[in-house]
Amino acid sequence: MSAVMSTSHLDAQIDITYQEPPGEILDLINVPLTPAVSVDNEGKWMILLTRDPFKTLAELTAEELRLAGLRIAPHTFGQSRSYYYKGLKVKNVLTGEEKAVSGLPEDPLISNTNWSPSYRYYSFTITGEGGISLWVLDVEKAIARPLTEPLLHDVFWGLPYQWMPDEQGLIAKFVDRAMEPPVLNNKIPTGPVVRENMDKKAPVRTYQDLLSNKSDEEAFIYYCSSKIVKVSLDGGQQDILPTDIYRSVELSPDGSLLLTKTIHRPFSYLVPYYRFPFKVQVVDLAGKTVKAIYDAPLSEDLPKGFNAVRKGPRAISWRGDKPAGLYWIEALDGGDPELEVEHRDALYAWAFPFSSNPRRLMKTTHRFSYVIWGNDTVAIVRDSWWKTRRSTHYKISPAKGDGHSEMIFDLNTEDRYKWPGSWLTERNEYGRRTLMFARDGQSLFLEGEGYSPEGNKPFIDEFNLETHQTKRLWQASGDSTYETVTQVLDMAKGSIITSIESPEVNPNYYLRNIAQRSEPKAITEFPHPYEHLKGVKKEMIHYQRDDGIDLSANLYLPAGYKPEKDKPLPLILWAYPREYKDPKAAGQVKESPHRFIRLYYGSPIYWVNRGYAILDRADFPIIGEGEEEPNDTFIPQLVANAKAAIDAAVKLGVADSARVAVGGHSYGAFMTANLLTHSNLFAAGIARSGAYNRTLTPFGFQSEERTFWEAPEVYFKMSPFMHADKMKTPLLMIHGEADNNSGTYPMQSERYYNALKGHGAKVRLVMLPYESHGYTAKKSIFHMLWEIDQWLEKFVKGKGMLDN
């Protein structure tokens, strides 16, 4: 029996157990997920990975340590909130035959998947009660076997292992079981925690899960330390490097050297681990130091601004096109975006054996974004600058060095219609991804979404490096389906894999030959997972804001609904604001109208089967032209966006303007609270995992670079907390008790609820135990859906019937 939402005015908390949403919603959320897919480089073998849509509360309530921005499962030395695959199958793409993989344990928790250099093997880890073990799958035989005991260390970002290029073994991080465990939660302090600053400016954002005392420091050292081991395919093991806090370990492309980054003291209580001091060294596979590269200091005092970076070398890594050559970036402006300089960054390279001086390859106009290596004569470098929304692509000649860069594209990052695409890459002889060249060696390839007023039409172009001319090799029609490139198998032959979908057809994979212009051949047949969504109408609608800005949204209507015969429906408007400097770019269409109706735990589309019209992914641009910043007029633009969306739905005859709800997650929750505060457009609101008091994020938030002290009036006007006395519309707030997203810590919802309650507002706060910024446990998600459904039924669909 389902609980009934209280309508009393009691001040105390409500005693309630986990609830389930009504059957119309359960029918949609209780469906298996379509398998994830990975295909080898020849298009012969496909790995199908099955997965569950939910975690259990038991998984969430397992012991967890929160240290220096990390969330650690101490019993496994892994990340505590990892997502896992639950099964593997191997499919022969040519014959269509599928095989279940043998050798796996019952109910495996699979993660960290990767192909071997030759694609003969597929590697992964399995997490169990005793820890994390490394496994390998012989793809053709469909047989999996463990290579190690549960000893892998997987606390930091990235794979905890790497294949040797000769495929004779792997390099892996291992837990050092000989280390003495620390005493956790020691209640007796050795002294106070003291912080000091002497005239040094150190603006920082609102990070969470930071170190806070000496006990935390000792726990960080213990749980983040590992040793480096070489593992053979027969299971043999050879220790390479002793125990240390290895932030990352990267094999050189030829497999002869390791680039290590080891964290060391002093640790910080203000910033996460990735801003701690760390040493960068090159060592050989015998563990001998070849070259000490750099010792990066603690980075607590970055300059203010989105393009601020640390001083000194950064992003030190191996060149993918060389056997053992390093590259890195150094700021030429001290990392300070406020300084006016001709060049922001420099790109350096240093060849093994590192006996000569490093070579500067180029200086960038803006902040360096990435480099894609090709060969001695061609590499592509991209830079970008937030304040101007500009980005430049350059061709450089690594062999010639500084002074030989050539601009290819100078782009407005907001203008999707002119986006040239991304550079295609392929694995080279070292197994590293480098630029994909045409047969003539003078052309590269670009693959992009093909944004247009009619929706996305993905494409592949050939780009001539001499003339800068592009030749379109293929483009999706975009007429009634959305087709996108998922993998290039052999560009010389025109062989690619694409995914094709439509609103009522689940995405499936196809072999396509763009040279022969032949019809695509299906290689998967995933069925429609949502039987109860069939017949639901999806349409991308276009409309304008009162200032002429073009907007769009996805409209969903119940199966069988006919606006010319049926009454207007209650409407749910779901959105997320985005900042722009270019009004024309703000109005561009940002997706295909032919995407499959894919549900996720937080989707508003569930309520189409409860008799609501849904406007999802509605455009909510916040624009600031020239010297004006977008947030200078945040509130009036927010209201104008909402009014335009509602008016469009009412004009179509599908929505009842008196029964409209608005909702959003994170910044969308912030949007929701502001709309209810500053307009009378809505009957109710749903705000999940939001931030409501911007003075608690004083050094910037979202796309706002200015601090509270530079723009106090902006922070005040944009903070719903500051205007709690104006709230007159029922607001449902939901938040994870363990939210670690920067700025949206749970106190934001708790304090806002208290402010609203203090002014007599209709407000309900639901705190989901153990959940973070996004929600993962089945019971949490079901209860969240129940809460939303109850709120909508009471204050939107049933408006006027229950007004107490």
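The values are calculated or read from the model by the stated rules, or taken from the named source; none is laboratory data. Because the structure is predicted, anything quoted here is derived from the model rather than measured. Cβ atoms come from the backbone with ideal geometry, glycine included; neighbour counts cover every protein chain shown. These accessible areas exclude ligands, DNA and RNA; they are computed on the full protein's heavy atoms, side chains included. Shrake-Rupley method; radii C 1.70, N 1.55, O 1.52, S 1.80 Å.
Below are the figures for this structure:
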{"quantity": "Of residues in the range 136-147 being of a type in the set (D, E, K, R) and outside any loop (DSSP other than H, G, I, E, B), the one surrounded by the fewest Cβ atoms within 10 Å (Cβ to Cβ)", "calculated": "ARG145"}
{"quantity": "Top-ranked residue of the range 598-619 - restricted to ones that are open to solvent by 30 Å² or more (accessible area, probe 1.4 Å) and touching a helix residue (DSSP H, G or I) at 6+ places or on another chain (Cβ under 6 Å), ranked as nearest to ASN674 (Cα to Cα)", "calculated": "TYR601"}
{"quantity": "Some residue of the range 14-31 being open to solvent by 30 Å² or more (accessible area, probe 1.4 Å), modelled with pLDDT under 95 and in a helix (DSSP H, G or I)", "calculated": "no"}
{"quantity": "Residue within the range 196-204 that is at pLDDT below 95, open to solvent by 100 Å² or more (accessible area, probe 1.4 Å), farther than 30 Å from LEU302 by Cβ and over 25 Å from the mean Cα position of the chain (by Cα) present", "calculated": "no"}
{"quantity": "Residue list for the range 464-478, filter: touching a residue at least 24 places away in the same chain (Cβ under 8 Å) and farther than 16 Å from ARG517 by Cβ", "calculated": "LEU465, GLU466, HIS468, THR470, GLY478"}
{"quantity": "Residue count, the range 527-544 (criterion: in contact with a strand residue (DSSP E or B) (Cβ under 8 Å, 6 or more places away or on another chain), closer than 30 Å to GLU98 by Cβ and surrounded by 15 or more Cβ atoms within 10 Å (Cβ to Cβ))", "calculated": "1"}
{"quantity": "Candidate set: the range 205-248, residues that are acidic (Asp, Glu), open to solvent by 40 Å² or more (accessible area, probe 1.4 Å) and not in a helix (DSSP H, G or I); chosen: the one farthest from PRO189 (Cα to Cα)", "calculated": "ASP234"}
{"quantity": "Cβ-Cβ under 7 Å pairs, at least 6 apart or on other chains, the range 138-156 side among the hydroxyl-bearing types (Ser, Thr, Tyr), far side not in a loop (DSSP other than H, G, I, E, B)", "calculated": "THR148/SER133; THR148/LEU134; THR148/VAL231"}
{"quantity": "Given (1) modelled with pLDDT of 95 or more; (2) farther than 30 Å from LEU599 by Cα, number of the condition GLY700 does not satisfy", "calculated": "(1)"}
{"quantity": "Where LYS279 falls short, out of the listed (1) touching a residue at least 40 places away in the same chain (Cβ under 8 Å); (2) surrounded by fewer than 20 Cβ atoms within 10 Å (Cβ to Cβ)", "calculated": "(1)"}
{"quantity": "Single unsatisfied condition, ASP461 versus (1) within 26 Å of the chain's Cα centre (by Cα); (2) under 25 Å from TYR394 (Cα atoms); (3) open to solvent by less than 20 Å² (accessible area, probe 1.4 Å); (4) without any contact (Cβ under 8 Å) to a residue 60 or more places away in the chain", "calculated": "(1)"}
{"quantity": "Residue in the range 408-423 that is within 22 Å of LYS493 (Cβ to Cβ), part of a strand (DSSP E or B) and either without any contact (Cβ under 8 Å) to a residue 60 or more places away in the chain or of a type in the set (A, V, I, L, M, F, W, C) (or both) present", "calculated": "yes"}
{"quantity": "Selection count, the range 169-204, where residues are in contact with a strand residue (DSSP E or B) (Cβ under 7 Å, 6 or more places away or on another chain) and in a loop (DSSP other than H, G, I, E, B)", "calculated": "3"}
{"quantity": "Hits in the range 76-91 (condition: over 21 Å from the mean Cα position of the chain (by Cα) and surrounded by 15 or more Cβ atoms within 10 Å (Cβ to Cβ))", "calculated": "THR76, PHE77, GLY87, LEU88, LYS89, VAL90, LYS91"}
{"quantity": "Residues located in the range 493-502, provided they are assigned to a loop (DSSP other than H, G, I, E, B) and either modelled with pLDDT under 95 or open to solvent by less than 30 Å² (accessible area, probe 1.4 Å) (or both)", "calculated": "GLY494"}
{"quantity": "Top-ranked residue of the range 725-750 - restricted to ones that are surrounded by 20 or more Cβ atoms within 10 Å (Cβ to Cβ) and polar (S, T, N, Q), ranked as farthest from PHE699 (Cα to Cα)", "calculated": "THR729"}
{"quantity": "Every residue from the range 735-750 that is modelled with pLDDT under 95 and either of a type in the set (Gly, Ala, Ser) or touching a Leu at 6+ places or on another chain (Cβ under 7 Å) (or both)", "calculated": "SER742, GLY743"}
{"quantity": "Sole residue being at pLDDT below 95 and out of contact with any strand residue (DSSP E or B) (no Cβ under 6 Å at 6 or more places or on another chain), chosen from PRO337, PRO303", "calculated": "PRO303"}
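Every residue, every condition in (1) surrounded by fewer than 23 Cβ atoms within 10 Å (Cβ to Cβ); (2) in a strand (DSSP E or B), yes or no:
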{"site": "LEU104", "(1), (2)": "yes, no"}
{"site": "PRO108", "(1), (2)": "yes, no"}
{"site": "ASN112", "(1), (2)": "yes, yes"}
{"site": "SER118", "(1), (2)": "yes, no"}
{"site": "THR125", "(1), (2)": "no, yes"}
{"site": "LEU134", "(1), (2)": "no, yes"}
{"site": "GLU149", "(1), (2)": "yes, no"}
{"site": "LEU159", "(1), (2)": "yes, no"}
